[in-house]
Structure formats: C-alpha cells, structure tokens
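Notes to accompany the following structure.
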Amino acid sequence: MNCRNFLNKPFRLMAIIGFAYLVSVMILNLFTDFYAVQSVMPFSILVFYAGTVVSIILCVITFFLYRNHFFYYAALEILVLSNLYTGKIYTALFLSSILFILLLMENRFTSRLRLALYLALEILKLALVIPFGARTFFEYAGITLFSLCTIGCINLLFRHAYDKKDSASISLDNYKFSERQKDCIKEIVVNNTTIKALAIDHNVSESAIKKDLSHIYTVLGITGKADLKALFIGCKFDS
C-alpha cells in the first residue's frame, strides 16, 4: 500500500501512529521508569496498563475498520480517562483537545444523544480530577473550558469562511458524470457519506461505488475524498 493510499485514509494512518506510540510507552514503562505513575488513586499501575492495552487493541481495530471512526474515538477517551486517573493531567488535556477537534470536524454533535454522552464523559473526567486537590481541579476545569471554547470558535470561523467561499452554485452537468456519480459527489461533500452507505442508497456493490469515485477523481484531477471535499466545500450544487 503506497503513501497516497494512507493519506486518503487518515484514521488508518492515525491508528498506526497511535499504535506505535502506545507500544513504545508500554515497553519503556516495563523496563524503565519513563512513565512512572504518581497518583493518589488506588491500582494506578493496573489502570495505566489496562487503559494502554485496550487503546492498542482499538487502534488495531481502527486500522482494519478505518471507516468506522468510533473505535479511534473510544481509544482516545480511554486514554484520557486512564491518564486522568493516574495523574497525567496535561496529557489528558492534550488528548481531550484532539478528540474535540475530530468530533467537530466530523460534525458529531448534531445528535442530542451524542452530545449528552460527550457531556457525561466530561463530567466524569472532572470527577476524576477531584482527588488531586482543589488547585488541580480548577486548573483542569479552566484549561478545559478555555480549550473547548477556543477550538469551538476557530471551528465557527472556518465554517463561516467556507460558507462565504464562492457562493455561486456549481453545476455538475458541466462534467460527464452519471447521475449516481453526481449524487456521490454531493453526499460526500455535504454529508461525508461513507462508501458503504452510498452503496446501500443506490442498491449497488461497494466496488461499484469505488469505481465511480475513481472515475470522479480522475476527471477532477484529485486523489481522494479529502481533495473532493476541499474542492467543493462551501459551494452549493444546482444539479
């Protein structure tokens, strides 16, 4: 598999990097005091190893099921919780920021259930910081709120910029695409629809959709879904 294929599958690439990092941490912790746990909570070492092992497994699953981003999100959440439990507050903050950015980019907060689950997990994280003292609690809560607000505002600014970008409608009739191919373009750009979902909607095999996408990429001179979304993002389709 060449580098371009990996770049077109960012969650697969992130899974590889996450796997390599977590395995390195495990090895270093087994033979040195590189990641020595200093926590007031009981069974901290056990929680650290359990959280790391589960996250490694989820990274492996993400590599093979890279279209289902849930497993990577779960790996990040488990790492955040285990790091908080073992006193690695700033590592947990960094991972929480990454997770929030990914969730915003994929527009994962449209569902009330997902939003409620996210808020419940954030409350749980705050509860895990309480044993480390009032200063650590307020510091963590303050930095978390600041990070979430900053990231959220940046996301709004980018969305506003995309909305203003070339507001003129684009006609896909200018290209020699079939109706199914046009619909694939719209669904991917507007709704980030997966290949599997497109195949189900059009009652065809996934390989047929992949062939359609390959033709689209060739005609437009791009290499993948990321380029397709970048090319048409913020534009309105009139056909």
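With +1 on the Cβ of every Lys and Arg and -1 on the Cβ of every Asp and Glu, and nothing else charged, how large is the dipole of the chain about its Cα centre, in debye rounded to the nearest 20? Don't skip to the answer; put the middle values down first.
On the way: 23 positive and 16 negative charges, 45 e Å.
Result for the chain is approximately 220 debye, rounded to the nearest 20.
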Exercise. How large is ³J(HN,Hα), in whole Hz, for each residue of region 85-98 in order, when computed from phi with the Karplus curve 6.51 cos²θ - 1.76 cosθ + 1.60 and θ = phi - 60°, using x for Gly and Pro?
Worked result: 4, 9, x, 8, 5, 6, 5, 5, 4, 4, 5, 4, 5, 4
Problem set entry | Prolate/oblate/rounded call for region 183-232, Cα gyration tensor, a/c under 1.5 rounded | oblate
For this session: Read phi for every residue in region 72-78 and hand back ³J(HN,Hα) as whole Hz from Karplus 6.51 cos²θ - 1.76 cosθ + 1.60, θ = phi - 60°, with x for Gly and Pro.
Result: 6, 4, 5, 4, 5, 5, 5
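My understanding is that a pair violates if its Cα-Cα distance is over 20 Å; which of Lys9/Lys125; Lys9/Lys182; Lys176/Lys211; Lys176/Lys196 do that in this structure? Kindly include the intermediate steps, with their values, before the conclusion.
On the way: Lys9/Lys125 30 Å; Lys9/Lys182 22 Å; Lys176/Lys211 15 Å; Lys176/Lys196 24 Å.
Listed pairs above 20 Å: Lys9/Lys125; Lys9/Lys182; Lys176/Lys196.
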Exercise. Ranked from the most accessible area to the least, with a 1.4 Å probe and all protein chains present, what is the order of Ile188, Ile61, Ile151?
Worked result: Ile61, Ile151, Ile188
Problem set entry | Under Karplus coefficients 6.51, -1.76 and 1.60, residue-wise ³J(HN,Hα) of region 55-63 in Hz, glycine/proline x | 5, 4, 4, 5, 5, 5, 4, 4, 4
Seminar exercise, completed: Computed over the chain: longest principal axis from alpha-carbon atoms vs helix 10-31 long axis, angle to nearest 10 degrees, is 20 degrees
For this session: Just need the relative contact order of the chain here, percent rounded to a whole number, with Cα pairs under 8 Å and 6+ apart.
Result: 17 percent
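The values are calculated or read from the model by the stated rules, or taken from the named source; none is laboratory data. Nothing here was measured: the structure is a model prediction, and the numbers come from that model. Counting neighbours? That spans all protein chains shown, and the Cβs are built from the backbone with ideal geometry, glycine included. Ligands, DNA and RNA are excluded from the accessible area calculation, which covers all protein heavy atoms including side chains. Shrake-Rupley method; radii C 1.70, N 1.55, O 1.52, S 1.80 Å.
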